[in-house]
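Enquirer: To start, I am sharing the structure in question, which I have written as structure tokens.
The values are calculated or read from the model by the stated rules, or taken from the named source; none is laboratory data. Not measured: the values here are computed from a predicted model. Because the Cβ atoms are built from the backbone with ideal geometry, glycine has one as well, and the counts that use them run over all protein chains shown. SASA here: full protein model, heavy atoms, side chains in, ligands and nucleic acids out. Shrake-Rupley method; radii C 1.70, N 1.55, O 1.52, S 1.80 Å.
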Amino acid sequence: MASAAGKKATGVGHRARLKKRVLDEGTKKLSDLELLEILLFYAVPRKDVSKYASTLIEKYGNISGVVNASPAEIEALTGLKSGTELLFSLLRETSLRMYAFEKEAMLLEGETLKSFLIGLYGRLEEETVYALYFGDDGGYIGKQMIFHGNVNSARFSLRKVTEGVIRVGGKAVILAHNHPSGNLTPSQDDIISTKRIAAHLMANEIELIEHYIVSGDNAIGILNP
């Protein structure tokens, strides 16, 4: 009969081998069972988790089913409590945020950009400025609300825009602000402000792709109407 120390050593060796396999080969070849087992390493650090992984995959069919199962069911099946519940909760939230980001990025391709901006502003009654950031390859990186209030004469912080692009590793930006009045015609201040913003960003090697005015169910560009 194997000693407790021997079992512990075997378990540690198994974990080490699986982790090394991931580092050497990546995650693509992992089955759902193996992936779940590795994830459980971090929720259950001192036990053999292979039996838990097998039980859960057998019950729920795949890793998605396991992660979305109720904590009470998982506890009833395995006896695992808070560590596993926390892990799966974090995985669910991470997946939701990644999906939202990817969906948002797809919406920013081509003509759908205007639809995205219209949805972003919705029925906001206060004038608001958003910056959308893009990388070297033109891929969408993220967005930031820059300012609430009157944007004429570029009174909102150009430094905040510049620092936002640099922080996310971007090289280009699209700005947008809304006209709650419903008038989409750029004012003289809008035009002057846009030129000033473009010059400021260019001095920092950042491209201003466009500055949109959004109102109701339409949006127009100031640089390229």
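Enquirer: Suppose we filter segment 185-208 for residues that are among the aliphatic types (A, V, I, L, M) and more than 19 Å from residue 147 (Cα to Cα); how many remain?
Expert: Final tally of qualifying residues: 4.
Enquirer: Turning to a different aspect of this structure: Give the number of residues within segment 55-78 that are assigned to a helix (DSSP H, G or I), over 19 Å from residue 22 (Cβ atoms) and not acidic (Asp, Glu).
Expert: The total comes to 12.
Enquirer: I'd like the full set of residues that are among the aliphatic types (A, V, I, L, M), more than 17 Å from residue 205 (Cβ to Cβ) and either at pLDDT 85 or above or open to solvent by 50 Å² or more (accessible area, probe 1.4 Å) (or both), limited to segment 145-174.
Expert: 145
Enquirer: Since residue 99 meets every condition but one in (1) modelled with pLDDT of 85 or more; (2) within 28 Å of residue 141 (Cα to Cα); (3) among the hydroxyl-bearing types (Ser, Thr, Tyr), which condition does it not meet?
Expert: Here residue 99 meets the rest and fails (1).
Enquirer: Only one of (1) over 21 Å from residue 176 (Cα atoms); (2) at pLDDT below 90 is not met by residue 86, so which one is it?
Expert: If we test residue 86 against (1) over 21 Å from residue 176 (Cα atoms); (2) at pLDDT below 90, just (2) comes out false.
Enquirer: Please go through (1) at pLDDT 90 or above; (2) over 16 Å from residue 133 (Cβ atoms); (3) surrounded by 16 or more Cβ atoms within 10 Å (Cβ to Cβ) for residue 199 and return the number of the only condition it doesn't satisfy.
Expert: Result: residue 199 passes all but (3).
Enquirer: Can I ask one more? Can you report the number of residues in segment 17-39 which are touching a residue at least 24 places away in the same chain (Cβ under 8 Å) and over 24 Å from the mean Cα position of the chain (by Cα)?
Expert: The total comes to 1.
Enquirer: Kindly indicate whether any position in segment 214-224 is touching a Pro at 6+ places or on another chain (Cβ under 6 Å), surrounded by 15 or more Cβ atoms within 10 Å (Cβ to Cβ) and farther than 26 Å from residue 99 by Cα.
Expert: Yes: segment 214-224 contains one or more residues that are touching a Pro at 6+ places or on another chain (Cβ under 6 Å), surrounded by 15 or more Cβ atoms within 10 Å (Cβ to Cβ) and farther than 26 Å from residue 99 by Cα.
Enquirer: Give the number of residues within segment 175-189 that are open to solvent by 10 Å² or more (accessible area, probe 1.4 Å) and either under 13 Å from residue 131 (Cβ atoms) or not in a loop (DSSP other than H, G, I, E, B) (or both).
Expert: Qualifying residue count for the region: 2.
Enquirer: Have a look at 28, 7, 81 and point out the one that is at pLDDT below 90, open to solvent by 90 Å² or more (accessible area, probe 1.4 Å) and touching an Asp or Glu at 6+ places or on another chain (Cβ under 6 Å). Working first, answer last.
Expert: Values: 28 fails: touching an Asp or Glu at 6+ places or on another chain (Cβ under 6 Å); 7 fails: touching an Asp or Glu at 6+ places or on another chain (Cβ under 6 Å).
Exactly one of 28, 7, 81 is at pLDDT below 90, open to solvent by 90 Å² or more (accessible area, probe 1.4 Å) and touching an Asp or Glu at 6+ places or on another chain (Cβ under 6 Å), namely 81.
Enquirer: For residue 185, state whether it is in contact with a His (Cβ under 7 Å, 6 or more places away or on another chain), closer than 20 Å to residue 114 by Cβ and of a type outside the set (A, V, I, L, M).
Expert: When the stated conditions are applied, residue 185 does not pass them.
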